[in-house]
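Undergrad: For reference, the structure I am asking about is given below.
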2 protein chains.
Amino acid sequence: MGGDVGPEVVIGGAELARERYPELRFRLYGQEPLIRAALAAAPRIAAEAEIVHVEGVVLGTDKPGQAIRRAKSTSMGLAIEAVKAGEAQAAVSAGNTGALMAMAKLALRTMQGIDRPALVALMPTLKSDSVVLDLGANTECDAENLVQFAVMGAAFARTVLGLDKPKVAFLNIGEEDMKGTEAIRDAAALIRTAAVDLPLEFLGNVEGNGIAQGNTDVIVTDGFSGNIALKTAEGTAKLVTGLLANAYRASLLTKIGYLFSRPALRALRDQLDPNNHNGAVFLGLNGVVVKSHGAANIKGFANAIGVAHDLVTQDINSRIQLDLKNFAAHRPAPPSPEPAVGAA
Amino acid sequence: MGGDVGPEVVIGGAELARERYPELRFRLYGQEPLIRAALAAAPRIAAEAEIVHVEGVVLGTDKPGQAIRRAKSTSMGLAIEAVKAGEAQAAVSAGNTGALMAMAKLALRTMQGIDRPALVALMPTLKSDSVVLDLGANTECDAENLVQFAVMGAAFARTVLGLDKPKVAFLNIGEEDMKGTEAIRDAAALIRTAAVDLPLEFLGNVEGNGIAQGNTDVIVTDGFSGNIALKTAEGTAKLVTGLLANAYRASLLTKIGYLFSRPALRALRDQLDPNNHNGAVFLGLNGVVVKSHGAANIKGFANAIGVAHDLVTQDINSRIQLDLKNFAAHRPAPPSPEPAVGAA
């Protein structure tokens, strides 16, 4: 049903994604009249798409608990059920993030070896995009959670960014090993010990300003700090472009400067456009669920479908399973309990 | 001794600050020959400044523990001792932040009613600057710490931004009351109950993108998230201006655009220049200690001295003491223990 923007964006995005990946087929869940109307502008998929009429829609204001109770009478809930039943390989939605995560976790269950799924997405940097997780699914995390996020994030970077051996670091308040929380220090020690044969390079810690520098491919943190970092970055990008717009309005000379600068400003807008980094994934489930930004446009939704395509065709969940086994094999055995001594 | 940039910036900053605030007098701690050489360019303060020769300098690479052991043989340590002895009303340093905080806490002690001092500073927004704390002094914080940060941050905003009733909010991963950690929820409940007569308006929660919007005057968080937010904002501002610079280099047309845009770009640079928001304060001690950015220029150091001037002349510590008493007076008494019931 298309989040804040309606089915046109979902269907337009599907049409565009179908052009890029001809093997894609779509099943569209939602109110059939609206879907049919939107399909008029999407001839490529109109002929082949399957429509499943569902009256119920999860609203942006619904609490996750409310949404779960109505799961099987909503388009979002049934799309996830299709993944569970093996009828679809991935679900892509522009709807309510909290509801999507709750429904997906309940229906698909957390995969073996993962204690908590994490929300992962790409952030723009001065180099290529970087992978950041968790972006808000888990407010507080222990060392085991962080290690699992690192393994999942590296698999995501290999799959979506096409890297062989992504560079991984923990988001921290200093680069030195002793900085930050106990959870981070313990997680770093675990990775140094047991991630020796994994396809990743562990860099230690990266500070907040290191995200945008782009020297780290995968930035791992708890959902609280990750969400703060993501939204602070969004807010700051708007601040700088807003101040720039004000500066161009200041005088006749600056207004002339603006006219001559439009190609450069368009290029900047394009690089920062969230649509070009769209497709957050709730990673660590038995199935692929991708969240498109609620305000994404057609290109943005097509990119979210592209992320789903990459995760499915490259079978990210098997990669994660393999990496977790590799990690477990190198992990030191827990200290054996004191031998019981019988009383003499 | 001037952090990364040397005594010239400290003394140039003092000269500029003296121009703005004629009542200021300076005592300069450090290697006398270097100080005398720098004073040649600062006639206004050269005549009246007191020089205390100290050979020892805290280096940027010194660990706080190392620095503390040498406190009384370093310029930084002795400047703080002068505040402790009442010979100076404030110490301003561009040196090692960790060492400055450790030395200041040890020498000046935490003020009554405050469990942990916090690092506070201004961040640029689309409106005026906003106050953010803690920026990294305390990795993990409980509800009491957060409440105390809110009280101190509001007093800072009244003092440095000249606001009557600053708007205060907790940095969180959603605006709803139930979001985030237990510490934040408990702190919000405490503020709603007991901050009723304080000169502040409590807004609840603000998300990361809300910092730059500038609708909140004081943003309160633990030192981990605060440091991540501050540095992510710095990194993103550099990313956007870096991408813009690249965009202007793309073609002849964009290069012409750049030439016409220089006034607008200068205005932008000015608004984002950390020197115009300089002067972090380690708040909650019995004394005023201001940290100037290690790479600040003369104007930046003068602004850090200006922050010290405002905190001293408006006696921020008495304001905080008064607010803490007011808060304690409205605080519900802790639940009384179950009355003991004698066995019949």
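Undergrad: Residues to consider are A:273, A:197; find the one that is closer than 30 Å to residue A:14 by Cα, more than 7 Å from chain B (Cβ to nearest Cβ) and surrounded by fewer than 18 Cβ atoms within 10 Å (Cβ to Cβ).
TA: A:273
Undergrad: Kindly indicate the residue of the stretch B:15-48 that is within 26 Å of the chain's Cα centre (by Cα) and small (Gly, Ala, Ser) and also nearest to residue B:297 (Cα to Cα) among those meeting that condition.
TA: B:17
Undergrad: Could you tell me how many of the residues in the stretch B:85-104 are of a type in the set (Val, Ile, Thr) and either more than 14 Å from chain A (Cβ to nearest Cβ) or surrounded by fewer than 21 Cβ atoms within 10 Å (Cβ to Cβ) (or both)?
TA: 1
Undergrad: Filter the stretch B:190-235 for residues that are more than 27 Å from residue A:174 (Cβ to Cβ) and in contact with a Ser or Thr (Cβ under 9 Å, 6 or more places away or on another chain) and give the result.
TA: B:203, B:213, B:214, B:215, B:217
Undergrad: Same structure again: Given the criteria surrounded by 21 or more Cβ atoms within 10 Å (Cβ to Cβ), under 23 Å from the mean Cα position of the chain (by Cα) and within 7 Å of chain A (Cβ to nearest Cβ), does residue B:224 qualify?
TA: Criteria met by residue B:224.
Undergrad: Still on this structure, I have one more. Quick check on this structure: which one of A:219, A:228 is in a helix (DSSP H, G or I), assigned by TED's automatic domain parsing to the domain that holds residue A:145 and either out of contact with any Lys or Arg (no Cβ under 8 Å at 6 or more places or on another chain) or more than 25 Å from residue A:159 (Cα to Cα) (or both)?
TA: Residue meeting the stated conditions: A:228.
Undergrad: Mind checking which residues of the stretch B:268-293 are more than 24 Å from residue B:149 (Cβ to Cβ) and outside any helix (DSSP H, G or I)?
TA: B:273
Undergrad: When you go through B:203, B:265 one by one, which is the residue that is assigned to a strand (DSSP E or B), out of contact with any helix residue (DSSP H, G or I) (no Cβ under 6 Å at 6 or more places or on another chain) and surrounded by fewer than 22 Cβ atoms within 10 Å (Cβ to Cβ)?
TA: B:203
Undergrad: I'm trying to understand the selection: among the residues of the stretch B:172-200, which are in a loop (DSSP other than H, G, I, E, B) and within 21 Å of residue A:223 (Cα to Cα)?
TA: Passing the criteria: B:172, B:173, B:174, B:175, B:176, B:177, B:178, B:179, B:180, B:181.
Undergrad: Let me ask something else. Mind checking which residues of the stretch B:105-137 are away from chain A (no Cβ under 13 Å), within 19 Å of residue A:174 (Cβ to Cβ) and either in contact with a His (Cβ under 7 Å, 6 or more places away or on another chain) or not in a loop (DSSP other than H, G, I, E, B) (or both)?
TA: Answer for the stretch B:105-137, where residues must be away from chain A (no Cβ under 13 Å), within 19 Å of residue A:174 (Cβ to Cβ) and either in contact with a His (Cβ under 7 Å, 6 or more places away or on another chain) or not in a loop (DSSP other than H, G, I, E, B) (or both): B:105, B:118, B:120, B:121, B:133.
Undergrad: Which of the residues spanning the stretch A:246-257 are more than 7 Å from chain B (Cβ to nearest Cβ) and either closer than 14 Å to residue B:255 by Cβ or assigned to a helix (DSSP H, G or I) (or both)?
TA: Selection gives A:246, A:252, A:255.
The values are calculated or read from the model by the stated rules, or taken from the named source; none is laboratory data. Treat the numbers as computed from the prediction; the structure is a model and nothing was measured. Virtual Cβ from ideal backbone geometry, glycine too; neighbours counted across all protein chains shown.
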